[in-house]
1. I need to check one value: relative contact order of the chain, counting alpha carbon pairs closer than 8 Å and at least 6 residues apart, in percent.
2. Quick check: pseudo-label points 7 Å beyond the Cα along Cα→Cβ at T47 and W27, how many nm apart are they?
3. Taking the DSSP beta bridges in the chain as the whole, what percent of them are antiparallel, to the nearest 5?
4. Taking the Cβ of S366 as the centre, find all other residues whose Cβ is under 10 Å away and add up their charges (Lys, Arg: +1; Asp, Glu: -1).
5. Using modelled amide H (1.01 Å from N, peptide plane; none on Pro or chain starts), what sits under 5 Å from the amide H of L324, excluding residues fewer than 5 places away?
6. Could you give the length gained on full extension between Q312 and E344, defined as 0.36 nm per residue of separation minus the Cα-Cα distance, in nm?
7. If I compute solvent accessible area with a 1.4 Å probe over the protein chains, what percent of it on the chain is carbon and sulfur?
8. Per residue, how much accessible area does segment 277-344 have with a 1.4 Å probe, in Å²?
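The values are calculated or read from the model by the stated rules, or taken from the named source; none is laboratory data. In this text the structure is predicted, and so the values were computed from the model without any measurement. We place every Cβ from the backbone using ideal geometry, glycine too, and count neighbours over all the protein chains shown. Quick note on the areas: whole protein, heavy atoms, side chains included, nothing else; ligands and nucleic acids left out. Shrake-Rupley method; radii C 1.70, N 1.55, O 1.52, S 1.80 Å.
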Amino acid sequence: MFIQNQLKSWIAGMRAKAALPLRIELWNGQHVDLSSEAPRVTIRLPTVASARYLLNPSLANLGSAYVEGNIEVKGKAQDMIAICNALARNTLKPEGKLARIGRSFTHDKSKDAEAIRYHYDVSNAFYEQFLDPDLVYSCAYFEHGDETLAQAQVKKIDHILKKIQLQPGQSLLDIGCGWGALVIRAAQHYGARCVGVTLSENQYQLARARVAQAGLGHLVEIRLQDYRDVTGQFDRITSVGMFEHVGLKHLPNYFSIIHKLLAPDGMAMNHGITSTDPDNGETPYGGGEFIEKYVFPHGELAHIGNVLKTMQQGGLEVLDVENLRRHYARTCALWNDNFEAHAEQIRPLAGERRFRIWHVYLAGCSYAFEQDLISLYQIVCVKAGQRAAALPWSRNYMYDAKPIALPPQAPALAH
């Protein structure tokens with residue numbers, strides 16, 4: 001009876017504050033609408049005890065309850081995320097609203113590999129349902145804003161390769177190569193000799209098959225390898241959507257490894273998600289806690305200021321920084337649209353629990369990028385200490401250069 005009275009009071013207060021298009025279905029068959037507007041989301045509380053999730057509606061609490069089946073939620077994920085954020089914003093105390101839990105994780109090769117396998121080795125068929133045909137699982141680049149997802153992903157890769165001034169015959173290391181889209185295009189259209197490394201068995205197998213299918217085995221090598229075990233030097237290095245797994249304490253070492261692997265006159269680019277909290281904190285309302293528990297174990301986001309500082313500590317000089325937050329908001333929104341459109345195919349591939357995780361995760365990420373809760377930066381860098389004459393005068397080269405078109409069976413370039 002106590003919880004029921006609390007819930008009744010909470011509903012009355014929420015109606016007065018927010019008037020959300022939300023219906024709450026109770027365990028006794030009754031329902032309550034929080035506004036006169038037709039509900040876009042329905043939360044069903046199957047038991048009296050499940051009411052406690054609404055009384056403390058952090059994203060961690062509501063997300064966990066949904067994933068574990070302690071509450072039922074119906075509606076489009078985009079609406080679910082917006083309404084859950086409104087519930088948290090209008091319920092939690094100011095200190096709860098602003099608090100960002102700073103957790104520190106131990107990173108080593110074994111734990112990092114396990115975390116990568118958890119996220120990426122669901123199945124290739126699972127990712128095929130909502131990514132573009134090339135399976136590019138990172139922020140796309142919408143040059144004009146009207147590109148399809150597939151077009152924007154190709155433009156993203158070209159944008160990166162132009163930024164690092166990739167030339168025919170140069171060697172390229174791609175740290176966290178995914179399913180191989182970047183190294184394949186770098187070889188096919190820029191004539192580069194490429195090495196891609198990943199810790200995901202599924203990505204490794206399919207990337208190798210795609211390289212072979214494209215006839216690029218003489219130019220591209222895919223390795224199941226930790227970046228810390230790579231040796232040699234490379235003219236160009238890219239890292240796309242990978243450094244979020246490194247850990248805040250390990251960023252200086254991560255960038256020092258890139259420094260070691262980079263040729264004296266080489267160029268590197270780091271593309272990754274960052275926190276918008278200057279103290280490297282997590283997103284508010286428990287969003288980061290949910291992501292760490294269910295989506296990216298041991299993932300940590302650094303503020304852009306900390307990234308630039310640790311790059312310098314690692315011996316790298318930053319040449320160019322570009323914010324692509326708007327682009328990632330749209331990318332995640334398109335992934336979410338694809339996910340919901342292929343829900344019936346995805347459920348048997350993922351299982352009901354993982355389906356619910358991803359259902360809210362993709363929409364939640366789009367919301368977080370849209371609201372400036374997290375961001376995305378591409379950072380171009382070189383080895384520190386070079387003479388000024390080695391640096392470009394302007395950014396024009398990033399936009400004027402056109403990729404070359406090599407025949408699929410171009411002669412092998414000397415190592």
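1. The normalised contact order for the chain reaches 18 percent.
2. 0.7
3. 45
4. Surrounding charge for S366 is -1.
5. HN-HN under 5 Å from L324: L376, Y377, Q378.
6. Answer, rounded to one decimal: 6.7 nm.
7. Within the chain, the accessible surface is 51 percent carbon and sulfur.
8. Working: 2890 Å² over 68 residues.
Per residue, segment 277-344 has an accessible area of 42 Å².
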